1. How about segment 117-131: which of its residues are assigned to a helix (DSSP H, G or I), surrounded by fewer than 14 Cβ atoms within 10 Å (Cβ to Cβ) and out of contact with any Phe, Trp or Tyr (no Cβ under 8 Å at 6 or more places or on another chain)?
2. Return the residues of segment 129-142 that are in contact with a helix residue (DSSP H, G or I) (Cβ under 8 Å, 6 or more places away or on another chain) and farther than 19 Å from Glu189 by Cβ; say none if nothing qualifies.
3. Of a type in the set (Asp, Glu) and either more than 30 Å from Arg120 (Cβ to Cβ) or open to solvent by less than 80 Å² (accessible area, probe 1.4 Å) (or both), is that true of Asp188?
4. State the number of residues belonging to segment 7-37 that are more than 15 Å from the ligand (Cβ to nearest atom) and more than 24 Å from Ala135 (Cα to Cα).
5. When you scan segment 265-285, how many residues do you find that are more than 16 Å from the ligand (Cβ to nearest atom) and either touching a residue at least 60 places away in the same chain (Cβ under 8 Å) or surrounded by fewer than 17 Cβ atoms within 10 Å (Cβ to Cβ) (or both)?
6. Out of all the residues in segment 227-246, is one or more at pLDDT 95 or above, more than 23 Å from the chain's Cα centre (by Cα) and more than 19 Å from Thr20 (Cβ to Cβ)?
7. Just one of Thr369, Thr301 is under 28 Å from Ser244 (Cβ atoms) and touching a His at 6+ places or on another chain (Cβ under 8 Å); which is it?
8. May I ask you to list the residues in segment 132-172 that are assigned to a helix (DSSP H, G or I), of a type in the set (A, V, I, L, M, F, W, C), open to solvent by less than 30 Å² (accessible area, probe 1.4 Å) and within 19 Å of Ser99 (Cα to Cα)?
Amino acid sequence: MSTIVVVGLQWGDEGKGKITDYLASEAELVVRYQGGNNAGHTVVVDDQEFKLHLIPSGILYPGTLCVLGNGVVINPGVLLKELNGLKQRGIDVSGIRISDRAHVIMPYHPSLDQLDESSRTVGKIGTTGRGIGPAYVDKFARYDSIRVLDLLNAERLKERLQEILITKNKILSQIYGHPGFALNVILDEYLEYAEQLRPMVCDTSVLINQEIKKGKKVLFEGAQGTLLDIDHGTYPFVSSSSPSAGGACTGTGVGPTKINKVVGVIKAYSTRVGEGPFPTELADEMLSQLRDGRGREYGVTTGRPRRCGWFDGVIAEYSVRVNGVSDLVVMKLDVLDQMKTIKICNGYRYGNSIIKEFPGDLDVLAKCTPVYEEVPGWMTDTTGCKTFAELPAAAQNYLRRIEELAQAPISIVSVGWKRDETIIIRNIW
Ligand code: IMP
């Protein structure tokens with residue numbers, strides 16, 4: 001049995017796409033377990049860039065099964081467009097499987113998401129506007145959600161939608177002045193999607209568990225990050241799903257005893273998109289060095305500039321703990337190559353006290369100021385380094401300090417965008 005969960009340890013955008021792609025080269029199955037097309041994973045293969053939103057990164061390896069588990073919310077139009085885009089670039093997409101229990105993003109979900117955000121003067125979350133929150137609200141409220149298995153049953157879909165649209169159109173028109181959605185228009189569009197998706201739909205829990213029993217390598221690919229987790233994130237500035245490692249079980253129908261390793265992906269500095277407190281956030285020229293230099297810190301899904309800051313050891317320790325991380329992967333070390341000095345946050349100052357544990361109360365977090373230690377930069381290009389020993393001593397020391405603060409060992413360090421710009425310290429599989 002060989003199963004790995006890949007999870008982001010910050011606010012998403014840690015570079016999970018590249019590392020999932022690397023680990024996927026040996027996996028027989030790659031499984032998404034939460035979120036939807038709010039995610040954006042960039043994978044670079046032979047100088048060709050692929051931006052994936054819904055489809056697991058394993059799709060780039062022929063013969064790998066790629067599963068969208070029950071915990072994912074699926075926008076069928078986006079999924080089909082992404083599949084067709086890959087097909088046009090010569091990628092074999094026959095390995096896609098979709099859980100019959102996954103919930104579907106309907107046209108009113110993105111509208112409600114965007115209208116709700118734009119109508120708020122305070123308390124904006126800064127969502128991606130893809131309808132993720134409203135789709136999960138319907139899932140958990142239970143009355144108004146459509147699952148993939150409903151989509152495949154034309155009569156049931158019509159019956160359910162007829163009822164759902166009464167409420168949705170009332171909310172849309174009476175609260176937001178939106179014209180609402182017509183039953184027949186949605187039906188025509190979604191029944192067409194259903195026929196295209198039907199051959200890919202199955203009970204994916206049965207499939208994944210069978211493969212695990214056969215000893216196949218299974219990779220669970222988390223989207224977003226721990227601090228965007230509905231339970232463990234910086235609530236309410238979070239997404240509506242469970243990116244943390246536990247979500248890999250509930251979002252796929254695989255029990256916790258079947259998970260071998262949890263790989264925590266963390267950037268050598270910090271970024272965040274959207275609203276909410278960010279203790280180590282930078283506002284000076286360091287910001288533009290990180291964002292506009294090698295970092296290229298702009299959202300894959302929305303193109304929004306990312307907020308950037310120094311590495312936060314409090315967050316690292318917290319995320320390693322709530323996910324039970326066995327292996328750390330440090331991404332984008334090369335982005336720091338030209339920094340004379342680098343700051344590392346090892347605690348928060350809150351009033352007269354020093355806090356070492358990540359607070360749950362956002363009012364407290366907003367008042368925390370980082371306690372920094374300063375270390376010398378290495379001022380050397382690291383992109384060509386193939387082993388840990390080849391890294392400059394200052395970079396090695398920086399990584400050792402990250403391990404100490406996070407309390408987990410580093411197994412991989414990424415020093416560039418390309419597949420081969422990767423230092424393997426320990427084989428994770
Ligand atoms: P939502 O997931 O669209 O509801 O957005 C909720 C919050 O999560 C916002 O702050 C988004 O910017 C953030 N978010 C959602 N998906 C991602 C992602 O893949 N990377 C980084 N931030 C994300």
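The values are calculated or read from the model by the stated rules, or taken from the named source; none is laboratory data. Note that the coordinates shown come from a computational prediction; the quantities given were computed from them, not determined experimentally. Heads up, the Cβs are rebuilt from the backbone with ideal geometry, glycines too, and the neighbour counts pull from every protein chain shown. For accessibility, only protein heavy atoms count, side chains too; no ligands or nucleic acids. Shrake-Rupley method; radii C 1.70, N 1.55, O 1.52, S 1.80 Å.
1. Result: Ser118, single match.
2. Gly129, Ile132, Gly133
3. Yes.
4. Residues flagged as more than 15 Å from the ligand (Cβ to nearest atom) and more than 24 Å from Ala135 (Cα to Cα) within segment 7-37 amount to 9.
5. Going through segment 265-285 one residue at a time, the tally reaches 6.
6. no
7. So the residue among Thr369, Thr301 that is under 28 Å from Ser244 (Cβ atoms) and touching a His at 6+ places or on another chain (Cβ under 8 Å) is Thr301.
8. Ile132, Ala135, Val148, Leu151, Leu157 - these are the residues of segment 132-172 that are assigned to a helix (DSSP H, G or I), of a type in the set (A, V, I, L, M, F, W, C), open to solvent by less than 30 Å² (accessible area, probe 1.4 Å) and within 19 Å of Ser99 (Cα to Cα).
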